[in-house]
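What follows is one structure encoded as structure tokens, with my remarks underneath.
The values are calculated or read from the model by the stated rules, or taken from the named source; none is laboratory data. This structure is a prediction, so every number in the text was calculated from the model and none was measured. Cβ placement follows ideal geometry from the backbone for every residue including glycine, while neighbour counts extend to all protein chains displayed.
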Amino acid sequence: MVTSRLPAADRIQSTKALAACANIGGHVPIATHGNLLEIILDSWDRNHRILVNLLRALPPGGLEARAIASSPTVAEIFTHIHYVRLIFLSEDAPEFAAPLPPREWLNEGNADRIAAELDASAKSVRDAVAGRIQSGREMNLHYDHPLLYLQHMIWHEGYHHGQIKLALKIAGRPFDDEEIGPLTWDIWLDKARRE
């Protein structure tokens, strides 16, 4: 049904009817004005959980792995992700920004320290997106909408997720797909949070 050609009152009724049909049996939560932000922020939480799970699942020596000699180490990729989250926050929503690390590509050897930094920057990203949307404020410098910042971070981190797995494979330390799947892809597929 093309609703854009209908009068406004009919579009509203059509949208309500479609929403009711989509929720038959309670299988799919309807994205309403009241819960859409939480659904979107859940995608960020899942993305972050996958990233930290990947970090925690690294084999011994995994932080030092790199795809080729001139590539960043896995540790440097994780610290770069943290830095990118914060640099964009400092430019676009400075009230949510935390202090920047001294450098973008740190060869940090402590996975617990990296995880703590990622946890902190993930919270800052979440708070900034929620805060800017709830207050109706746009981002200061980049992005037409705060959600575009969130999508950029998810895309950026997915890109580096692939780089990390490739670096480990080249270094002879690949993940077993059956072991890493429940810690990564299955997080996206988990329906338990809907119930």
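So which residues in the stretch 86-127 are without any contact (Cβ under 8 Å) to a residue 24 or more places away in the chain, assigned to a helix (DSSP H, G or I) and either among the polar types (S, T, N, Q) or within 14 Å of P146 (Cα to Cα) (or both), if there are any at all?
Within the stretch 86-127, S90 is the sole residue that qualifies.
Among what's in the stretch 34-58 and is at pLDDT below 95 and over 13 Å from the mean Cα position of the chain (by Cα), pick the residue that is surrounded by the most Cβ atoms within 10 Å (Cβ to Cβ).
Among residues in the stretch 34-58 that are at pLDDT below 95 and over 13 Å from the mean Cα position of the chain (by Cα), the one surrounded by the most Cβ atoms within 10 Å (Cβ to Cβ) is L37.
In the stretch 137-164, which residue that is of a type in the set (D, E, K, R) and free of Cβ contacts under 8 Å to residues at least 60 places away in the same chain is surrounded by the fewest Cβ atoms within 10 Å (Cβ to Cβ)? Spell out the reasoning first.
Taking the stretch 137-164 as the starting set, the residues that turn out to be of a type in the set (D, E, K, R) are 137-138, 144, 157.
When the remaining residues are screened for being free of Cβ contacts under 8 Å to residues at least 60 places away in the same chain, the result is 137-138, 144.
Values: R137: 12, E138: 13, D144: 9.
My answer is D144.
Okay, residues lined up against (1) modelled with pLDDT under 95; (2) under 19 Å from the mean Cα position of the chain (by Cα); (3) of a type in the set (K, R):
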{"position": "P102", "(1), (2), (3)": "yes, no, no"}
{"position": "A115", "(1), (2), (3)": "no, yes, no"}
{"position": "A122", "(1), (2), (3)": "no, yes, no"}
{"position": "A167", "(1), (2), (3)": "no, no, no"}
{"position": "D176", "(1), (2), (3)": "yes, no, no"}
{"position": "I180", "(1), (2), (3)": "yes, yes, no"}
{"position": "T184", "(1), (2), (3)": "yes, yes, no"}
{"position": "W188", "(1), (2), (3)": "yes, yes, no"}
{"position": "K191", "(1), (2), (3)": "yes, yes, yes"}
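Just one of L55, L63 is in the same structural domain as L183 (by TED's automatic domain parsing), in a helix (DSSP H, G or I), among the hydrophobic types (A, V, I, L, M, F, W, C) and over 21 Å from G181 (Cβ atoms); which is it? Don't jump to the end; show me each part of the working.
Working: L55 fails: over 21 Å from G181 (Cβ atoms).
Going through L55, L63 in turn, just one is in the same structural domain as L183 (by TED's automatic domain parsing), in a helix (DSSP H, G or I), among the hydrophobic types (A, V, I, L, M, F, W, C) and over 21 Å from G181 (Cβ atoms): L63.
Could you check W105 against (1) out of contact with any Pro (no Cβ under 8 Å at 6 or more places or on another chain); (2) surrounded by 13 or more Cβ atoms within 10 Å (Cβ to Cβ) and say which number it fails?
Among (1) out of contact with any Pro (no Cβ under 8 Å at 6 or more places or on another chain); (2) surrounded by 13 or more Cβ atoms within 10 Å (Cβ to Cβ), the lone unmet condition for W105 is (1).
Determine if the stretch 68-85 includes at least one residue that is surrounded by fewer than 16 Cβ atoms within 10 Å (Cβ to Cβ), out of contact with any Ser or Thr (no Cβ under 8 Å at 6 or more places or on another chain), assigned to a loop (DSSP other than H, G, I, E, B) and hydroxyl-bearing (S, T, Y).
yes
Quickly run through the stretch 124-136 and pick out the residues that are of a type in the set (S, T, N, Q) and either surrounded by fewer than 13 Cβ atoms within 10 Å (Cβ to Cβ) or modelled with pLDDT under 95 (or both).
Correct list: Q134, S135.
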